[in-house]
Amino acid sequence: MQLDRNQMDRFHETGYLMLPNLFSTDEAEVLRRAAAEVYALDREEVVREKDGVSPRTAFAAHCYHEAFRRLGRHPRLIEPVMQLLGGPVYIHQYKVNAKVAFNGDVWQWHQDYGTWSRDDLMPEARAMNIALFVDDVTEFNGPLWIIPGSHRGGVYEAGHDLDTTSYPLWTLDRATVTDLAERGGIFSAKGKAGSVLMFHGNIVHASSPNMSPWGRTVVYLSLCHVNNHIRRFKRPEWIAHRDFAPIEPLSDSCLTEPMPAMAEAVA
Ligand code: SIN
Ligand code: MN
């Protein structure tokens with residue numbers, strides 16, 4: 001799948017692009033079931049909220065669940081990113097983010113490339129996210145907030161927040177966020193299950209807690225140009241991957257083709 005000229009221009013200008021209903025409701029349903037299976041696993045990759053119970057994020061699910069393995073090689077996700085990054089890509093990070101009903105916690109204001117450069121020594125911001133909404137994302141269940149145009153300022157100063165949530169993050173201070181939001185506003189990324197959001201590695205983003213009775217799972221593929229792979233292996237392999245081989249996309253129908261049950265799936 002290729003973006004048209006207008007979509008490419010909008011991405012470069014604002015740092016993000018929504019592709020509503022890119023996946024069908026049947027495909028989203030396959031992933032909803034897969035996410036429930038993954039959240040039920042007792043593995044170190046499945047990070048819980050501070051309550052120790054609610055799933056917050058499942059890292060590297062493409063390494064231990066067949067549906068997520070296929071999604072990690074899906075042409076509707078991989079090809080537009082190859083187009084924007086100008087060549088072959090590998091998976092730097094893979095997250096299935098829960099934001100459960102009532103208990104889903106905040107993601108503080110941050111830039112992903114801020115972490116990739118500081119922690120993983122990724123040379124350039126030649127990496128980005130493509131996110132698939134597995135559930136409907138509404139104003140109530142913690143949509144991602146994005147500051148349009150914030151990718152144009154490079155990497156902003158940040159502090160390492162180890163306390164606010166169960167997951168450490170390099171976060172931006174209020175003055176920086178205020179200044180950027182006064183210029184760019186805030187875009188709230190809402191959409192039906194199956195919708196896709198692409199955003200630049202330097203976009204400033206956050207999400208609020210989920211006080212609603214509706215959970216929302218969003219899968220984030222962080223893809224990096226193969227020549228721009230990380231140089232430092234400080235974080236666990238399942239948070240910052242070290243397989244830099246180019247992804248070969250599968251067929252467009254891969255998610256709805258027969259799949260082995262989880263026990264037989266990839267180890
Ligand atoms: C992230 O920024 O990595 C995740 C944010 C979210 O899922 O709300
Ligand atoms: Mn992020």
- [ ] Scan segment 62-75 and give yes if some residue there is among the hydrophobic types (A, V, I, L, M, F, W, C), surrounded by fewer than 22 Cβ atoms within 10 Å (Cβ to Cβ), within 16 Å of ligand 2 (Cβ to nearest atom) and more than 23 Å from Leu17 (Cα to Cα), otherwise no.
- [x] no
Open item on the list: Quick check on my filter: what residues within segment 203-237 are farther than 19 Å from Arg118 by Cβ and in a loop (DSSP other than H, G, I, E, B)?
Closed with: Ser208, Pro209, Met211, Ser212, Pro213, Trp214, Gly215, Arg216, Thr217
Open item on the list: All but one of (1) within 15 Å of ligand 2 (Cβ to nearest atom); (2) free of Cβ contacts under 8 Å to residues at least 40 places away in the same chain; (3) part of a helix (DSSP H, G or I) hold for Thr178; state the number of the condition that does not hold.
Closed with: (1)
Open item on the list: If I filter segment 49-58 for residues that are within 16 Å of ligand 2 (Cβ to nearest atom) and of a type in the set (S, T, N, Q), do I get at least one hit?
Closed with: yes
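Can you confirm whether Phe133 is within 19 Å of the chain's Cα centre (by Cα), farther than 21 Å from Asn228 by Cβ and of a type in the set (A, V, I, L, M, F, W, C)?
When the stated conditions are applied, Phe133 passes them.
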- [ ] Name the one entry in Ser222, Ser212, Ser207 that is farther than 21 Å from Leu77 by Cα, open to solvent by less than 20 Å² (accessible area, probe 1.4 Å) and within 16 Å of ligand 2 (Cβ to nearest atom).
- [x] Ser207
Task: segment 94-110 - residue that is in contact with a Leu (Cβ under 8 Å, 6 or more places away or on another chain) and buried (at least 22 other Cβ atoms within 10 Å of the Cβ) and, of those, farthest from Thr14 (Cα to Cα) - done: Tyr94
Open item on the list: So Val47 passes all but one of these: (1) farther than 25 Å from Ser208 by Cα; (2) touching a residue at least 40 places away in the same chain (Cβ under 8 Å); (3) surrounded by fewer than 20 Cβ atoms within 10 Å (Cβ to Cβ); (4) of a type outside the set (Asp, Glu). Which condition number does it fail?
Closed with: (1)
TODO: Of all residues in segment 111-130, count the ones that are within 8 Å of ligand 1 (Cβ to nearest atom), open to solvent by 10 Å² or more (accessible area, probe 1.4 Å) and of a type outside the set (D, E, K, R).
DONE: 0
TODO: Report, by residue number, each residue of segment 93-145 that is out of contact with any Phe, Trp or Tyr (no Cβ under 8 Å at 6 or more places or on another chain), within 16 Å of ligand 2 (Cβ to nearest atom), of a type outside the set (A, V, I, L, M) and part of a loop (DSSP other than H, G, I, E, B).
DONE: Lys99, Asp105, Gly142, Pro143
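Looking at Ser150, Ser195 in this structure, which one is within 13 Å of ligand 2 (Cβ to nearest atom), surrounded by 19 or more Cβ atoms within 10 Å (Cβ to Cβ) and either at negative phi or among the small types (Gly, Ala, Ser) (or both)? Show your work before the answer.
Values: Ser195 fails: within 13 Å of ligand 2 (Cβ to nearest atom).
Unique residue meeting the criteria: Ser150.
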- [ ] State the number of residues belonging to segment 88-110 that are on the phi < 0 side of the Ramachandran plot and within 10 Å of ligand 1 (Cβ to nearest atom).
- [x] 12
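The values are calculated or read from the model by the stated rules, or taken from the named source; none is laboratory data. Predicted model only: the values in this text are computed from it and were never measured. Glycine gets a Cβ as well: all are built from the backbone with ideal geometry, and neighbour counts include every protein chain shown. Side chains included, ligands, DNA and RNA excluded: accessible areas come from the protein's heavy atoms. Shrake-Rupley method; radii C 1.70, N 1.55, O 1.52, S 1.80 Å.
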